[in-house]
Amino acid sequence: MQPPDTITDGVVVLRQVREGDRAVVLSAMRDPLVRQWLNMPSKPADRDFDTLLRTVREGWRTGDRYDYAVTENGTDESLGAVIASRRHRDNYEIAYLAAEAGRGRGLMTRAVRLLCDALLDGGVGRLEVRTHPENEASQRLAERCGFRQEGRERKSIWLHGRRCDALVWSLLPEDRTRV
């Protein structure tokens, strides 16, 4: 499974993360809402972006992880990210985050749908999302994208140095809905 370098629906464009995204990515790493739900460096600096860029390039090389910057058609500024990470049995786990400028306009829903469609069209049989039980915005996004909640994994994720429960969501090829 190798998704395309760029995916678009004419409104949202998913493209590979690149050096020019440094300032926007570091700003997103500092964003209080992003930091609430994701493990970010305590004081994001250039070295953190360099590490991320190496992780992104290695993931694409091995096929184990596909990171995309989310942009609007006609602009090139990253408004967030969507990530697909290969898990056991060739399932993929989807993660997403929106910078402040990318929130509240439906762009992340479109971005997640685009990535999911590309993966499922490429033959992936199961996609998963894990959300913190209190992250209602992430849960609503998963629902809008057609994911179904399957249950709660007890203390299965690490957040801010401690184990937390996670709600598990799945999307199968036959679950897809088009809006």
- How many residues does region 79-95 contain that are hydrophobic (A, V, I, L, M, F, W, C), open to solvent by 40 Å² or more (accessible area, probe 1.4 Å) and closer than 15 Å to THR62 by Cα? 0
- Just checking, how many residues over region 1-35 are free of Cβ contacts under 8 Å to residues at least 40 places away in the same chain, open to solvent by 30 Å² or more (accessible area, probe 1.4 Å) and not hydroxyl-bearing (Ser, Thr, Tyr)? 7
- Message: So, in region 121-143, exactly how many residues are among the aliphatic types (A, V, I, L, M), part of a helix (DSSP H, G or I) and touching a residue at least 12 places away in the same chain (Cβ under 8 Å)?
- Response: 2
- Message: Of everything in region 157-179, what is among the small types (Gly, Ala, Ser) and modelled with pLDDT of 95 or more? Give them in sequence order.
- Response: ALA166, SER170
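So is VAL56 open to solvent by less than 30 Å² (accessible area, probe 1.4 Å), closer than 21 Å to ASP117 by Cα, part of a strand (DSSP E or B) and β-branched (Val, Ile, Thr) or not?
Working: open to solvent by less than 30 Å² (accessible area, probe 1.4 Å): yes; closer than 21 Å to ASP117 by Cα: yes; part of a strand (DSSP E or B): no; β-branched (Val, Ile, Thr): yes.
The answer is no for VAL56.
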- Message: Please verify whether ALA99 is among the hydrophobic types (A, V, I, L, M, F, W, C), touching a residue at least 24 places away in the same chain (Cβ under 8 Å) and farther than 20 Å from PRO3 by Cβ, treating the condition exactly as stated.
- Response: yes
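The values are calculated or read from the model by the stated rules, or taken from the named source; none is laboratory data. On a predicted model such as this, the values are computed, not experimentally measured, just so you know. Please note: Cβ atoms are built from the backbone with ideal geometry, for glycine as well, and neighbour counts cover all protein chains shown. The area values use the complete protein model at the heavy-atom level, side chains included, leaving out ligands, DNA and RNA. Shrake-Rupley method; radii C 1.70, N 1.55, O 1.52, S 1.80 Å.
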